[in-house]
Amino acid sequence: MTAKMKEIIIDAESMSEDIFEEFFSESSDLTLRAVCTSEKGKPATGNGKVFRGASAVSFYLELMEEPESEEKESFIVVAGRATRLAEALMILGRKPKRKLRILICGGGIMHTDATASAEENFYEDPHAVKTVLDSGLWPLIIPLDLIYEGGFGSGRKPGLDKSELLRHALRLIAEGRTEESSRKCRCSIALRGENRGELLMDSRERAEEPNCRLLNQDGSHMRYCSVRREKGCGSCDGGPMKVIMDADTGSDDAISLMCAALCRKFDIRAICSVWGNSDPEHTADNGARVMSLMGKKVPIYKGLDTALFKYQELCRRDRGNLKPIEINGEVLHMHVDELPIPEATYRREEESAVSFYLDYFSDPKNRDTAILATGPLSNLGLALSIKPEIGKNIREIIIMGGGLFKANITPCSEANFNHDPEAANIVLNCGAKVTVIPLDVTHKTVITEEEREEIRKLNNPCALFAAKLLRDRSLIHDATQPLYIPHAATAHDAMTAAFGADRTLLTELIPVYLRVVEGGDCDGHCSLDRRDESREPNCEIALSGDREGFVRFIKESLAAYGDLPHMART
Ligand code: RIB
Ligand code: CA
């Protein structure tokens, strides 16, 4: 069977002559059928026919209505805005019958050029890109990252400019490699708002059906460049670190509280409850139950019962993700209102969490206290809005929240950040040292079934309770968000305590300017400034962690229950 002829349509605003010499010489297998451009576009056109503006739309319409040919395959390479192609698709009801191969040069995963979150072509007309993505034509995206050495923070490959994206697309077509080196995924584009034009992947464990391919080369552009951390920063070497736990306790928050309370590296000064996994009255009571389980009596302050702004108009909290599920006749909850352990032996304080923060951090003597935050950041967000100066008195804030290539509550956001994006932004920019532990870390640092069994065998009330929580979490994960190790469980929030105790447990930390998207389709999404010249970092975000070290931390902390003076092993 003779190979099909490959005809190319290039859609570009500008293009240099040497592309024609390189790809469309007489000996080439590629034939240039047309160059489409905007009214003002000035691409070199070689001997291709040029269609501008409205005539480009008519050309695409004709192309899409042509019968399929046995002799030739048609490829559209979009190297500028996808406007004209999208307009033709819209006229045809967005789903053309004819098979066409589309390659889109643009978008950026770890690198952007137009704005903090967007590459220029995608920024200029995000609706057009979305129309092409949703056309059912399985476009291949060739992102800006191709011309960079590697992950976030890396420089451009020597000698390569953006026209390399178009060259690469043509090379893939010529060599018949358009299906290779790419992975199927579900992508979307932020259409408006501060991250307009951002290329977004559905990064939930159970993402929606893929709609495109994304060029992945060797995967290097998906990585981050490790950045060495300043020595000793935030370390708690030299005595227990004073901490305030801000939690929506919650199953994994409970594990975090137990580990921190039992680990001799912490001195917990207070627990601030917050809404999230339940209302703040329940999460306060759950905190008191957990402390009582260890015979401890850490003061607990009740926090806010909703986000700073986002739920005001809705007058409700969307807690659909917390619905119980039935597995083998057993009704399981990821988080419950009342933790199934004995009632607390003490009550929370009358003072609110926000006024506690205001008093505590107004006193410079408390500059030695860190915050481990494992719920929506509403309490701290409000305290810092009322009195921004207290930010400089907080030793550091370690946050479980967000996700870069992992999401859980919407296709592109994590629950804690999604619940209160405005508060998250206030905290990120408060001037304190902030470390963010996203889902990317906590979905890697999972606890296996065997490890859970080892925890259970510690056979003390905390270990048994942690093992039960982990078992329920693992069953829910298996049923709804399968992890890379079957029957394993995440314990997201406990990583804040683990990292507070041992700075080697986050293995890849990069300083970044991070902003949480406020409102719109991408509400709660973690958007990094990925330009070559990014804004000053406002936090460090972790990309990976030491799974075994994390599990060791949990086991050792829970085992220390037996060392409590008045406690006997059960
Ligand atoms: O996305 C994980 C976070 O949301 C954790 O803090 C967990 O407790 C849940 O509420
Ligand atoms: Ca939590």
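State all residues of region 514-540 that are farther than 17 Å from Thr435 by Cα and among the small types (Gly, Ala, Ser); if no residue qualifies, say none.
Result: Gly519, Gly520, Gly524, Ser534.
Given (1) open to solvent by less than 10 Å² (accessible area, probe 1.4 Å); (2) in a strand (DSSP E or B), identify the lone condition not met by Ala254.
It is condition (2) that Ala254 fails.
Based on this model, can you work out whether Cys522 counts as assigned by TED's automatic domain parsing to the domain that holds Arg264, modelled with pLDDT under 95 and buried (at least 19 other Cβ atoms within 10 Å of the Cβ)?
yes
State all residues of region 268-287 that are hydrophobic (A, V, I, L, M, F, W, C) and within 14 Å of ligand 2 (Cβ to nearest atom); if no residue qualifies, say none. Explain how you work it out, then say what you get.
The initial filter retains those residues of region 268-287 that are hydrophobic (A, V, I, L, M, F, W, C), namely 268, 270-272, 274-275, 284.
Within region 268-287, Ile271, Cys272, Val274, Trp275, Ala284 qualify.
Would you confirm, using the coordinates I've provided, whether Glu396 is within 25 Å of the chain's Cα centre (by Cα), away from ligand 1 (no atom under 16 Å from the Cβ) and of a type outside the set (A, V, I, L, M, F, W, C)?
Values: within 25 Å of the chain's Cα centre (by Cα): yes; away from ligand 1 (no atom under 16 Å from the Cβ): yes; of a type outside the set (A, V, I, L, M, F, W, C): yes.
Spelling it out, Glu396 is indeed within 25 Å of the chain's Cα centre (by Cα), away from ligand 1 (no atom under 16 Å from the Cβ) and of a type outside the set (A, V, I, L, M, F, W, C).
Restricting the first residue to region 405-421 and requiring it to be open to solvent by less than 10 Å² (accessible area, probe 1.4 Å), which pairs with a second residue that is more than 12 Å from ligand 1 (Cβ to nearest atom) and assigned to a helix (DSSP H, G or I) meet a Cβ separation below 7 Å and a spacing of at least six or different chains?
Between residues of region 405-421 that are open to solvent by less than 10 Å² (accessible area, probe 1.4 Å) and residues that are more than 12 Å from ligand 1 (Cβ to nearest atom) and assigned to a helix (DSSP H, G or I), the close pairs are Phe417/Ala424; Asp420/Ser378; Asp420/Gly381.
Can you tell me which residue within region 437-495, out of those that are among the β-branched types (Val, Ile, Thr) and in a loop (DSSP other than H, G, I, E, B), is nearest to ligand 2 (Cβ to nearest atom)? Steps first, please.
We begin by selecting, within region 437-495, every residue among the β-branched types (Val, Ile, Thr); these are 437, 441-442, 445-448, 455, 476, 480, 485, 490.
Pick out the ones that are also in a loop (DSSP other than H, G, I, E, B) and you get 445-446, 448, 485, 490.
On the way: Thr445: 15, Val446: 16, Thr448: 22, Ile485: 22, Thr490: 11 Å.
So the residue we want is Thr490.
Could you say whether any residue in region 20-35 is surrounded by 13 or more Cβ atoms within 10 Å (Cβ to Cβ), touching a residue at least 40 places away in the same chain (Cβ under 8 Å) and within 38 Å of the chain's Cα centre (by Cα)?
no
For region 358-384, which residues satisfy the criterion of being touching a Gly at 6+ places or on another chain (Cβ under 9 Å) and of a type outside the set (A, V, I, L, M)?
Scanning region 358-384 gives Phe361, Thr374, Gly375, Pro376, Ser378, Asn379.
Only one residue in Leu144, Leu166 is aliphatic (A, V, I, L, M) and free of Cβ contacts under 8 Å to residues at least 40 places away in the same chain. Which one? Can you show your working first?
Working: Leu166 fails: free of Cβ contacts under 8 Å to residues at least 40 places away in the same chain.
Of the residues listed, the single one that is aliphatic (A, V, I, L, M) and free of Cβ contacts under 8 Å to residues at least 40 places away in the same chain is Leu144.
Would region 475-487 turn up any residue that is open to solvent by less than 40 Å² (accessible area, probe 1.4 Å), in contact with a Phe, Trp or Tyr (Cβ under 7 Å, 6 or more places away or on another chain) and not assigned by TED's automatic domain parsing to the domain that holds Phe550?
no
Of everything in region 136-167 that's closer than 16 Å to Leu85 by Cβ and aliphatic (A, V, I, L, M), which residue is modelled with the lowest pLDDT?
First, pick out the residues of region 136-167 that are closer than 16 Å to Leu85 by Cβ: 136-142, 166.
Right, trim to aliphatic (A, V, I, L, M) and you get 137, 140-142, 166.
On the way: Leu137: 93, Leu140: 96, Ile141: 96, Ile142: 96, Leu166: 96.
In this case the residue turns out to be Leu137.
The values are calculated or read from the model by the stated rules, or taken from the named source; none is laboratory data. What you are looking at is a predicted structure, and each value in this text was computed from that prediction instead of being measured. In this analysis, Cβ positions are derived from the backbone assuming ideal geometry, glycine residues included, and neighbour counts consider all displayed protein chains. Remember, those area values only see protein heavy atoms, side chains included, never the ligands or the DNA or RNA. Shrake-Rupley method; radii C 1.70, N 1.55, O 1.52, S 1.80 Å.
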